[in-house]
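Novice: Submitted below is the structure of interest, expressed as structure tokens.
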Amino acid sequence: MSRRPARGARTSWRERVHWEMVGALAGIGGLIVALAALRTGGEPGSSTTPAPPTPTVTVTESATPSSRSRSRTPKPTAEEAPSTEPTEPTRPACVMAPGECRLEKMLGSADLRNCRPAARPPAGAVAALDCTAVRSGPVHDPMIVLFRSDTDAETWVESYWWALHDGRGGNCATGAEYKGTWVRGKLLCTINGPYYAMSWTYTGRSVAMTAEAWTPQPLYAWWQGLSPLGN
């Protein structure tokens, strides 16, 4: 770099122009530095690094509805809720005589089924049905009879088996003859030709029943588990 001439030395017009331009450029540089310092918030010549801009956080409303605004399927009421209780099968309409339909309605389906008018109804009976036994035991379809009174039912049981010999109490389970009672009415066990027969009544229901088997043991076991009219 050229040096400024000493004081008192004579300078040419070119040198004067040169030094005036140098001074002007120096002034412009200083002005630029000052402006830069003002923009960064510091003093001229400071080396302060500008703070990074604060990030802007944008909060958006969730599209998921709140728990209060959720639509819920209404629970079925007691009237709308399906029933889980087992139902009994519907019986077909009775096409027999009124007395026979009345007797059939008294019977359950656990012991007897496929009931129809009896082939040999006893005299004085209101109705008599021959029904198929659900469990094994009888060799023929048992007959169940509805009478007008308990007395009529008991009279029929005591007189129906004319083959009863002496009427002394025996054991029905072993094939002996017996004429007496059981917990629900009258009971008679006897031999009727090739069959062992049992007849009994249901006191308070005016109902009597009779069944036959080749041997007494299967018939007696079937009779012990029998409850055609319920308890």
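The values are calculated or read from the model by the stated rules, or taken from the named source; none is laboratory data. This is a predicted model, so every value here is computed, not measured. Ideal geometry is used to build each Cβ from the backbone, glycine not excepted, and the neighbour counts take in all protein chains shown.
Novice: Does residue 210 satisfy the criteria of being assigned to a strand (DSSP E or B) and out of contact with any helix residue (DSSP H, G or I) (no Cβ under 8 Å at 6 or more places or on another chain)? Walk me through how you get there before you give the answer.
Specialist: Working: assigned to a strand (DSSP E or B): yes; out of contact with any helix residue (DSSP H, G or I) (no Cβ under 8 Å at 6 or more places or on another chain): no.
Answer is no for this residue.
Novice: Would you kindly identify the strands (runs of 3 or more DSSP E) lying entirely within the stretch 134-199 that contain at least 1 residues that are crowded, with 18+ Cβ neighbours inside 10 Å and modelled with pLDDT under 95?
Specialist: Working: elements: 143-146, 178-182, 185-192.
Counting at least 1 such residues, we get 178-182, 185-192.
Novice: For the stretch 123-132, what are the residues that are part of a strand (DSSP E or B) and either buried (at least 19 other Cβ atoms within 10 Å of the Cβ) or acidic (Asp, Glu) (or both)?
Specialist: Start the filter on the stretch 123-132 by keeping residues that are part of a strand (DSSP E or B), which leaves 127-132.
Answer for the stretch 123-132, where residues must be part of a strand (DSSP E or B) and either buried (at least 19 other Cβ atoms within 10 Å of the Cβ) or acidic (Asp, Glu) (or both): 127, 128, 129, 130, 131.
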